[in-house]
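Accompanying notes for the structure given below.
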């Protein structure tokens, strides 16, 4: 299952959204999530994808639609991988 | 004065002034006024009559603001319904007020398909966006908001309403579990808006941000008051993204920030909130529930330029009191003095006025005391009782208060078991009714428990029928399907028995 699908599955189970939800629809404007809902989304992203969400990252650009959230998660995963690679490289060079 | 005069006067006096900012949209007073005229003319063409109810089932948006003024311009009564309201409750609300028109977002089409045919009074539906398939009800005519803005005339329809007419119904949770529609006349609403503007010293240069739902009177009045003084309202869909709100406030040079304790608690949890100095912020207001004294201190540290107003009110009269910011150091836990042009007193159980320091029920008198609950004379008679003048009614708030020697008010507790979560009233009964509709639930009791962020968190105690496997996630998930977001319990505790009184009622006091 790709990131989008996992997000959609979570939304369907947790927020009772319609199956045909547009991947670009704003969560907030469509009333899908409110302020507590965003906290749930943050927890979901951290637990399901093993990323660390910084407070400053909790903005509509990252969290307000399926596509935005998927892009954010993919970016955080890439950052985490490149960090761990650079740590390994560092360890080898020592 | 009528409520729509707020918009019409500002459109006449400062037609090009920015009235409403929402996302990328920036609208001047004359644009909003013209949009509202077009929608009002569409309502009238669809047969809306003076005094008809028009329901607006939308989140915070330009369309909501336009629709409420359009309803008033068509001599109708508007009611704004929280967009997280589920089908069953929407049906109840529309039938309770016998709405003749509904404005709703097309993306709620599956709810509209199930609800609209079950509301016999409904004749006209305006959708924001296009419905994917028509609603199979031939008596219902349907237009889109956009088509109306393109084709309906922009002239102002002649107003026939007077200020003794109802302008709005604002639904609030009742202890019986059924929401009650507070009937607000134009006079009630213009009186209280004027009073609040007076003590906040609002001016046309103010830029007020509103993140509160417009279905909630505290949010709604931000629109009304901003438009009354010809100020600018920055409307946000909600408070989900605190950093986005802080950035918005900085970019738009916001001068006024109304909020509830949950929002302020969220802001204070951010580790760098004081970096946002917000030099233009002139005032912060708190209502909905009391702000902890420690949060008052930290808010003032974080936003030193802003005066902080602690306020108290209830939908039944909108606002009761405010604490002048100069008194905050001396009486941090007080909600202050009666708002301008109103009076209050405290009575004991025998309806006798009590002196300073004595706890009793707060009673409110003034032209802001609304007209009672729509179609509900029994509940109306409990809260709205005869006042000092013949025919006058005063509001018994159901809240216990004390007053100090100088007349400053202190909230003590509610008389009933209504929960205040995120600043909004939640009826435990309404939540319990939903839980009882689960066949696995044998018995349940819902209470509010103290929570540092929510004020009160909603906690459900549940006894399951023998051997039925349900966990707390199942319960919360079920509640999400049937209740608005702010009513969903955040804590569930399973028990094998619940404490009872001798008469067999659940003793909630023992659960707290």
Original post:
For the stretch B:446-459, how many residues meet the condition of being in a strand (DSSP E or B) and in contact with a helix residue (DSSP H, G or I) (Cβ under 6 Å, 6 or more places away or on another chain)?
Top reply: 3
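Being surrounded by fewer than 22 Cβ atoms within 10 Å (Cβ to Cβ) and without any contact (Cβ under 8 Å) to a residue 24 or more places away in the chain, is that true of even one residue in the stretch B:62-73? Give the derivation first.
If we filter the stretch B:62-73 for residues that are surrounded by fewer than 22 Cβ atoms within 10 Å (Cβ to Cβ), which is where we start, we get B:62.
Subset that is without any contact (Cβ under 8 Å) to a residue 24 or more places away in the chain: none.
No, every residue in the stretch B:62-73 fails to be surrounded by fewer than 22 Cβ atoms within 10 Å (Cβ to Cβ) and without any contact (Cβ under 8 Å) to a residue 24 or more places away in the chain.
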**OP:** Look through the stretch B:250-272, keep the residues that are more than 8 Å from chain A (Cβ to nearest Cβ) and more than 22 Å from residue B:217 (Cα to Cα), and return whichever of them is farthest from the chain's Cα centre (by Cα).
**Re:** B:272
Original post:
What number of residues within the stretch B:182-192 are part of a helix (DSSP H, G or I) and farther than 12 Å from residue B:320 by Cα?
Top reply: 6
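With respect to residue A:69, determine if the residue is in a helix (DSSP H, G or I), at pLDDT below 90, closer than 30 Å to residue B:265 by Cβ and more than 9 Å from every other protein chain (Cβ to nearest Cβ). Step through it out loud before you land on a result.
On the way: in a helix (DSSP H, G or I): yes; at pLDDT below 90: no; closer than 30 Å to residue B:265 by Cβ: yes; more than 9 Å from every other protein chain (Cβ to nearest Cβ): yes.
In short, no.
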Subject >> Criterion: within 14 Å of chain A (Cβ to nearest Cβ) and either closer than 26 Å to residue B:238 by Cα or touching a strand residue (DSSP E or B) at 6+ places or on another chain (Cβ under 6 Å) (or both) - qualifying residue of B:458, B:462 >> reply: B:458
**OP:** Keeping to the stretch B:193-205, report how many residues are in contact with a helix residue (DSSP H, G or I) (Cβ under 7 Å, 6 or more places away or on another chain) and either assigned to a loop (DSSP other than H, G, I, E, B) or surrounded by 21 or more Cβ atoms within 10 Å (Cβ to Cβ) (or both).
**Re:** 5
Subject >> Residue among B:323, B:299, B:291, B:235 that alone is buried (at least 19 other Cβ atoms within 10 Å of the Cβ), touching a strand residue (DSSP E or B) at 6+ places or on another chain (Cβ under 7 Å) and within 14 Å of chain A (Cβ to nearest Cβ) >> reply: B:235
Subject >> Lone qualifier among B:254, B:234, B:223 - being modelled with pLDDT of 95 or more and assigned to a loop (DSSP other than H, G, I, E, B) >> reply: B:254
**OP:** Identify all residues within the stretch B:474-489 that are at the interface with chain A (Cβ under 9 Å from one of its Cβ atoms) and farther than 18 Å from residue A:39 by Cβ; write none if there are none.
**Re:** B:481
**OP:** Scan the stretch A:33-66 for residues that are crowded, with 17+ Cβ neighbours inside 10 Å, away from chain B (no Cβ under 14 Å) and either in contact (Cβ under 8 Å) with a residue 40 or more places away in the chain or within 24 Å of residue B:485 (Cβ to Cβ) (or both) and report the count.
**Re:** 3
Subject >> Checklist (1) away from every other protein chain (no Cβ under 14 Å); (2) over 16 Å from the mean Cα position of the chain (by Cα); (3) within 16 Å of residue B:245 (Cα to Cα) applied to residue B:282, failing item >> reply: (3)
Original post:
Taking the stretch B:409-424 only, how many residues are in contact with a helix residue (DSSP H, G or I) (Cβ under 7 Å, 6 or more places away or on another chain), more than 14 Å from every other protein chain (Cβ to nearest Cβ) and at pLDDT 85 or above?
Top reply: 1
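Taking residue B:241, is it touching a helix residue (DSSP H, G or I) at 6+ places or on another chain (Cβ under 6 Å) and surrounded by 22 or more Cβ atoms within 10 Å (Cβ to Cβ)?
Details: touching a helix residue (DSSP H, G or I) at 6+ places or on another chain (Cβ under 6 Å): yes; surrounded by 22 or more Cβ atoms within 10 Å (Cβ to Cβ): yes.
Yes: the conditions hold for residue B:241.
Out of all the residues in the stretch B:1-37, which are more than 20 Å from residue B:148 (Cβ to Cβ) and not in a loop (DSSP other than H, G, I, E, B)? Reasoning before the result, please.
Initial filter on the stretch B:1-37 (more than 20 Å from residue B:148 (Cβ to Cβ)): B:1-3, B:5-6, B:9-10, B:12-18, B:21, B:23-24, B:26.
Result: B:3, B:5, B:6, B:9, B:10, B:12, B:13, B:18, B:21, B:26.
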**OP:** Among the residues of the stretch B:316-348, write down those that are in a loop (DSSP other than H, G, I, E, B) and either modelled with pLDDT under 95 or farther than 23 Å from residue B:372 by Cβ (or both).
**Re:** B:323, B:324, B:328, B:329, B:330, B:331, B:332, B:333, B:334, B:335, B:340, B:348
Original post:
Any residue at all in the stretch A:4-11 that is closer than 28 Å to residue B:490 by Cβ, within 13 Å of chain B (Cβ to nearest Cβ) and modelled with pLDDT of 90 or more?
Top reply: no
**OP:** Consider only pairs whose beta carbons are under 6 Å apart and that are at least six residues apart or on different chains; among these, list those whose first residue lies in the stretch B:467-495 and is farther than 24 Å from residue B:82 by Cα and whose second residue is assigned to a loop (DSSP other than H, G, I, E, B) and modelled with pLDDT of 90 or more.
**Re:** B:468/B:440; B:470/B:440
Subject >> The one condition in (1) under 30 Å from residue B:379 (Cα atoms); (2) in a helix (DSSP H, G or I) that residue B:213 fails to fulfil >> reply: (2)
Subject >> Residues of the stretch B:430-450 satisfying the condition of being in contact (Cβ under 8 Å) with a residue 24 or more places away in the chain and farther than 17 Å from residue B:478 by Cβ >> reply: B:447, B:448, B:449
Original post:
Take the residues of the stretch B:44-92 that are more than 26 Å from residue B:178 (Cβ to Cβ) and touching a helix residue (DSSP H, G or I) at 6+ places or on another chain (Cβ under 6 Å): which is nearest to the other protein chains (Cβ to nearest Cβ)?
Top reply: B:63
Original post:
more than 27 Å from residue B:115 (Cα to Cα) and assigned by TED's automatic domain parsing to the domain that holds residue B:120 - does that describe any residue in the stretch B:36-58?
Top reply: yes
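The values are calculated or read from the model by the stated rules, or taken from the named source; none is laboratory data. Not measured: the values here are computed from a predicted model. As a convention, Cβ positions derive from the backbone with ideal geometry for all residues, glycine included, and neighbour counts pool all protein chains shown.
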